[in-house]
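So the structure is just underneath, and the comments pick up after that.
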Amino acid sequence: MKINFFYSLVFYFIIFSAQAGKDELIFSCKTDNNQHVSVIKNGEILEYKFGKQLNHPSLKIVTTTKNVIKDFENVEGRYTTNSIGFKNKEYVYYVVFQADRIEENKQSYYINVEKNQKNIATIYCIANTVKDNILELE
């Protein structure tokens, strides 16, 4: 009987630790310049990847949920935006969702790249490739 309890306990810890280390997709899309973007959360760790192949990305930033720049439900004029930003030296890479409050169903997803707080690039996502769970970080 003690052996069964021991094996049950070991099995429980294996299952529990497998659940604790599970990757959660926060965002992904294919961009209009044939690049891929993904944000994965594992516990308190966030990983931003950008590139033609995500298994060999041209850019990878790993940070914590506390260090990511979050801006949710930002209302500016006719638009509402949600964004998360990943800092890499003097650059910040923002994943942005923007909804038009006047034209119903008009929304876009894009990546804004800033260098020293100046926008240097905007890369749009192809709408039917977007998987968005950004508000999971709220």
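A few remarks follow.
- Members of LYS52/LYS106; LYS89/LYS118; LYS30/LYS89 lying beyond 19 Å, as alpha-carbon distances in this model show: LYS52/LYS106; LYS30/LYS89
- All aspartates and glutamates inside 17 Å of LYS60 as judged from Cα atoms, apart from same-chain residues fewer than 8 positions distant: ASP23, GLU24, GLU44, GLU47, GLU90, GLU114
- The loop-placed trypsin sites (Lys or Arg not before Pro) in the range 20-128, going by DSSP, that have at most 10 neighbouring Cβ atoms within 10 Å of their Cβ come out as LYS22, LYS66, LYS89.
- In order along the range 88-100, phi translates into HN-Hα couplings of 9, 6, 8, 9, 10, 10, 9, 9, 10, 10, 10, 10, 7 Hz, rounded to whole numbers, per the Karplus curve 6.51 cos²θ - 1.76 cosθ + 1.60 with θ = phi - 60° and x for Gly and Pro.
- Ordering THR81, ALA99, ILE111 by the projection of their Cα atoms onto the charge dipole of the range 23-137, which places +1 on the Cβ of Lys and Arg and -1 on the Cβ of Asp and Glu, puts ILE111 at the extreme positive end.
- Net charge of neighbours whose Cβ lies under 14 Å from the Cβ of VAL130, counting Lys and Arg as +1 and Asp and Glu as -1: 0
Coordinate-derived values only; no laboratory data. Predicted, not measured: the structure shown is a model, and the values here were computed from it. Cβ coordinates were reconstructed from backbone atoms using ideal geometry, including for glycine residues, and neighbour counts include every protein chain displayed.
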